[in-house]
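The values are calculated or read from the model by the stated rules, or taken from the named source; none is laboratory data. As the structure is a prediction and not an experimental result, all values here were calculated from the model. Methodologically, a virtual Cβ is constructed for each residue, glycine included, from the backbone with ideal geometry; neighbour enumeration extends over all protein chains shown. Heads up: the accessible areas ignore ligands, DNA and RNA and are worked out on the full protein's heavy atoms, side chains in. Shrake-Rupley method; radii C 1.70, N 1.55, O 1.52, S 1.80 Å.
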Amino acid sequence: MRSRVLGFSLGLLLPVVGCSSGDSNVIRTDPNNFGDTGPGGNNGRGDASQRGDVDPNNEDGWGDFDAGKAPDFDAGSIPAFDGFDFDGLDLDGFDFDGSVGDGGPTPEHPDICNNGLDDDRNGLVDDNCSCVAGRTQRCFVGDPARAGRGICLWGTQTCEGVQTDGSWGACTGSGSAAATEACDGVDNTCDGNIDETCPCTPGASRSCYSGPAMTSGRGICRAGNQVCSSAGRWGSCAGEVTPGAETCDGMDRNCDGSTTEGCGCAVGATRACNIGATASIGLGICRAGMQVCATVASGGTDWGACTGEVFPAAERCDNAIDDDCNGLADCLDQACRHTAECLPRCTRGTIENLLPDIAEIVLVADRSGSMEARFSDGATRWGALRTAVNVVLPRVEDAFDIGLELFPIGGWCSVPPSGITFPPSRGTARLITDLMHRIGPDGNTPTRAAIDGVASYFRSNPTTRRRFVLLATDGAPNCGSPVNEVVNSLTALRATGVDTFVLGVPGPRGALNEMARAGGRARSGETAFYDASSTRQLMDAMNAITGATNTCEYPVPAGFPTITDVAQFRVLLGGTEIPSDGTNGWSFTDGSRSRLRFNGSSCATLRTGSVVGAVVSYNCPR
């Protein structure tokens, strides 16, 4: 058995107890070797000295991520990833500091967001871009190359909405270019040239300035000199300095009379930060991250992404480390208390995990810009989801082949061209948590495209295993597909035998309820989706969702001793012995005693995901 999965609270992986002569017959694998997934084996962690809180070369404990490739990860060691083209994963649409990368206009990303320019020349500035409500920025409607030149003055616009789920309002005060020069010493066509089509006396010269008139002589801005050519046309304005973006270096670079507007911090300054829950910082492996102040594209400065933060992880029961950052390690932690490692040793029988039949589950995770909003516990929605994924997924790796679909990816309304970010396979928890640690929220909410991408993958890769989707989102879908279209996609997916659980992080209740009911795994009552508004609630909801997939039937592992004396076979759930009872206890499914079934209230307990450890013993003293 793998000790890292013992004691999770999902009622899926059930430690099985039974004893042979001495501890040498305890069936368990080396907890420090989970396959070639990083330095030292150990699921990519190496030994304790390589963890994020002490390794100076790896401050967040998750290794370096190379876009398009698996981070410190031997994909070939996982069967389903053998030959999988990680280079085909389009990660170029975002940077790993959590922001969308710069690039020219595309059909999916018409505007380069939050630069104050009308990149697609549609008369709107930063349309379809998320922003923080109440913020203002300079803006210009029209050809970006003409912004701030001559009569093409910058305007201003304000972000409207709630928290980080805002959108930019109209750009007011922006100037526009004239069709021709007016021969008045001003750059009327906003092309950087002044009166270039106007006649003049060859050899004549004059002062000139192609920037907005009120900025000349302010800050760094200076007029230049213009000479009339032998052809009788004014040449370029040589030596002029026109407005630029503020860099918060004490100079007035946009020539408006101020040196500090937009300067939220001093360039190069640092401060501690956290995306996950504040209360976990400083406990166990958890450490705060760091932000560095830098200039931003629209001018001024702002704090950069929070990097290096160490999040809670799944509690391991054999390493003397508080992995889940609750102040308790190993057998003192509730997550380990009733696992095989933490029970009194059985000296005569066999001990082993009882694992369910493998199912497939794909986490469809919303990383849109609104996921930057914070819960009351101090965590951002994205940080809380990452923490829940860190803690829950490693605990269920032996019950599920886990896949991931992040949306958007590669553009503001885009999903992976392959239809899925990572296909479900064994041992992918590390890969998924690593990727989610390297990127942050940005973009819109193409929910329908994400669901359709997963459905396409399933159609192309049939299996007899049970399949599920876990949709975690905080907002109503957009990108041209309203909620009714998402409902249609979920209904079609369910018709193929794939149910979808909907996890609100949180979100608009009406839309989430509709999606939850269409997915086929609605909760009873007014709230049909799994609702979470804190890190703890997110972890509990993910536990409950994975627990709800439990069939309550478990195969007895190959190699387990033949059960000849049923009286010596004991089953414990959460440290409490469950009787052999066809109504509310356990029973064998047939005469071969090769499968167990949990009945009635025992099965219901497992499906709540609340069980911490389940142990079966054979020939062990009571």
* Within the range 149-195, count every residue that is in contact with a strand residue (DSSP E or B) (Cβ under 6 Å, 6 or more places away or on another chain), at pLDDT 90 or above and in a loop (DSSP other than H, G, I, E, B). => 5
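Among the residues of the range 512-521, is there at least one that is part of a strand (DSSP E or B), in contact (Cβ under 8 Å) with a residue 24 or more places away in the chain and touching a strand residue (DSSP E or B) at 6+ places or on another chain (Cβ under 9 Å)? Even if it seems obvious, please write down each step before you answer.
Here is the first cut: in the range 512-521, the ones part of a strand (DSSP E or B) are 520.
Okay, now just the ones that are also in contact (Cβ under 8 Å) with a residue 24 or more places away in the chain, so 520.
Next cut, touching a strand residue (DSSP E or B) at 6+ places or on another chain (Cβ under 9 Å) only: 520.
Yes.
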* Please identify the pairs in which a residue from the range 264-288 that is at pLDDT 80 or above and of a type in the set (S, T, N, Q) has its Cβ atom under 9 Å from the Cβ atom of a residue that is open to solvent by 30 Å² or more (accessible area, probe 1.4 Å) and not in a loop (DSSP other than H, G, I, E, B), counting only partners at least 6 apart or on another chain. => Thr270/Met290; Thr270/Val292
* In the range 300-322, is there at least one residue being under 30 Å from Leu117 (Cβ atoms), assigned to a loop (DSSP other than H, G, I, E, B) and out of contact with any strand residue (DSSP E or B) (no Cβ under 9 Å at 6 or more places or on another chain)? -> no
* **Condition met for Met214 (outside any loop (DSSP other than H, G, I, E, B) and either surrounded by 13 or more Cβ atoms within 10 Å (Cβ to Cβ) or not small (Gly, Ala, Ser) (or both))** => yes
* Based on what the data block shows, is Asp499 at pLDDT 90 or above, within 19 Å of Thr447 (Cβ to Cβ), open to solvent by 50 Å² or more (accessible area, probe 1.4 Å) and of a type in the set (D, E, K, R)? -> no
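How many residues are open to solvent by 30 Å² or more (accessible area, probe 1.4 Å) and either in a helix (DSSP H, G or I) or in contact with a Gly (Cβ under 8 Å, 6 or more places away or on another chain) (or both) when one looks only at the range 502-511? Show your work before the answer.
Looking only at the range 502-511, we keep the residues that are open to solvent by 30 Å² or more (accessible area, probe 1.4 Å), and these are 506, 508-510.
Subsequent filtering for residues that are either in a helix (DSSP H, G or I) or in contact with a Gly (Cβ under 8 Å, 6 or more places away or on another chain) (or both) retains 508-510.
Within the range 502-511, residues that are open to solvent by 30 Å² or more (accessible area, probe 1.4 Å) and either in a helix (DSSP H, G or I) or in contact with a Gly (Cβ under 8 Å, 6 or more places away or on another chain) (or both) number 3.
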* Starting from residues that are open to solvent by less than 30 Å² (accessible area, probe 1.4 Å) and aliphatic (A, V, I, L, M), keep the ones in the range 303-320 and report whichever is farthest from the chain's Cα centre (by Cα). => Ala314
* Structure fact -> A careful count of residues in the range 364-381 that are in a strand (DSSP E or B) and open to solvent by less than 10 Å² (accessible area, probe 1.4 Å) gives 3
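If a residue counts only when it is open to solvent by less than 30 Å² (accessible area, probe 1.4 Å), closer than 23 Å to Ala335 by Cβ and in contact with a Ser or Thr (Cβ under 6 Å, 6 or more places away or on another chain), which strands (runs of 3 or more DSSP E) contained entirely in the range 525-591 have at least 2 such residues? Outline the logic, then answer.
Working: elements: 553-555, 569-573, 576-578, 586-588.
Of the strands (runs of 3 or more DSSP E) lying wholly inside the range 525-591, none has at least 2 residues that are open to solvent by less than 30 Å² (accessible area, probe 1.4 Å), closer than 23 Å to Ala335 by Cβ and in contact with a Ser or Thr (Cβ under 6 Å, 6 or more places away or on another chain).
Looking at the range 218-235 only, could you name the residues that are within 48 Å of the chain's Cα centre (by Cα) and either part of a helix (DSSP H, G or I) or surrounded by fewer than 18 Cβ atoms within 10 Å (Cβ to Cβ) (or both)? Even if it seems obvious, please write down each step before you answer.
Keep residues of the range 218-235 that are within 48 Å of the chain's Cα centre (by Cα), which gives 218-222.
Those that are within 48 Å of the chain's Cα centre (by Cα) and either part of a helix (DSSP H, G or I) or surrounded by fewer than 18 Cβ atoms within 10 Å (Cβ to Cβ) (or both): Arg218, Ile220, Arg222.
With the condition kept exactly as written, say whether any residue in the range 375-384 is touching a strand residue (DSSP E or B) at 6+ places or on another chain (Cβ under 7 Å) and not β-branched (Val, Ile, Thr).
Within the range 375-384, not a single residue is touching a strand residue (DSSP E or B) at 6+ places or on another chain (Cβ under 7 Å) and not β-branched (Val, Ile, Thr).
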* To do: Determine if the range 599-607 includes at least one residue that is part of a loop (DSSP other than H, G, I, E, B) and either open to solvent by 50 Å² or more (accessible area, probe 1.4 Å) or in contact with a strand residue (DSSP E or B) (Cβ under 7 Å, 6 or more places away or on another chain) (or both).
  => yes
